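Quick notes on the structure that follows.
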Amino acid sequence: MAKKQPREMTMADTERVYTIPLGIVKCVPVYRRSNRAMTEIRNYLARHMKVPAEDVKIDSGLNQVIWRRGDTKPPRRVRVRAVKFEDGGVEAEFAGER
């Protein structure tokens, strides 16, 4: 399977860095916490970038950060760099430690 090339940013694209709190994931059973964290990240970015949640694409590096300690212990917060493209799509990647 061929790997997709990352999109090129243009001047009209919007790039922002968010610190997303993930404390709400502690309210679900331990075996679903990382799944809920991924859902919360997608919903947070959809709300703040004003796009549907289906248009938010999460980078594999961010996915690895969430799942690094397994399904039961996702991080309490994560810094994310989000880029909104002219066509309405949003790509999210891990922005490093706080």
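For region 72-98, name all the residues that are of a type in the set (Gly, Ala, Ser) and over 23 Å from residue 51 (Cβ atoms).
Passing the criteria: only 96.
Any residue in region 38-64 that is over 16 Å from residue 17 (Cα atoms) sitting within a Cβ distance under 9 Å of a residue that is of a type in the set (Ser, Thr, Tyr) and in a helix (DSSP H, G or I)? List the pairs, counting only those 6 or more apart or interchain.
53/39
Answer yes or no: is there a residue in region 46-69 that is among the basic types (Lys, Arg), surrounded by 13 or more Cβ atoms within 10 Å (Cβ to Cβ), modelled with pLDDT of 95 or more and not in a helix (DSSP H, G or I).
For region 46-69, residues among the basic types (Lys, Arg), surrounded by 13 or more Cβ atoms within 10 Å (Cβ to Cβ), modelled with pLDDT of 95 or more and not in a helix (DSSP H, G or I): present.
Say we look at region 18-45 and pick out the residues that are closer than 23 Å to residue 96 by Cβ and of a type in the set (A, V, I, L, M); which of these is surrounded by the most Cβ atoms within 10 Å (Cβ to Cβ)?
Of everything passing the filter in region 18-45, 45 is surrounded by the most Cβ atoms within 10 Å (Cβ to Cβ).
Go through 15, 93 for me and flag whichever is in contact with a strand residue (DSSP E or B) (Cβ under 7 Å, 6 or more places away or on another chain), part of a strand (DSSP E or B), at pLDDT 95 or above and not aliphatic (A, V, I, L, M).
93
Identify all residues within region 78-90 that are over 16 Å from residue 46 (Cβ atoms) and at pLDDT below 95; write none if there are none.
Within region 78-90, just 86 meets the criteria.
Looking at region 80-98, which of its residues are of a type in the set (Lys, Arg) and surrounded by 16 or more Cβ atoms within 10 Å (Cβ to Cβ)?
81, 84
The values are calculated or read from the model by the stated rules, or taken from the named source; none is laboratory data. Since the structure is predicted, the reported quantities are computational estimates derived from the model, not experimental observations. Virtual Cβ from ideal backbone geometry, glycine too; neighbours counted across all protein chains shown.
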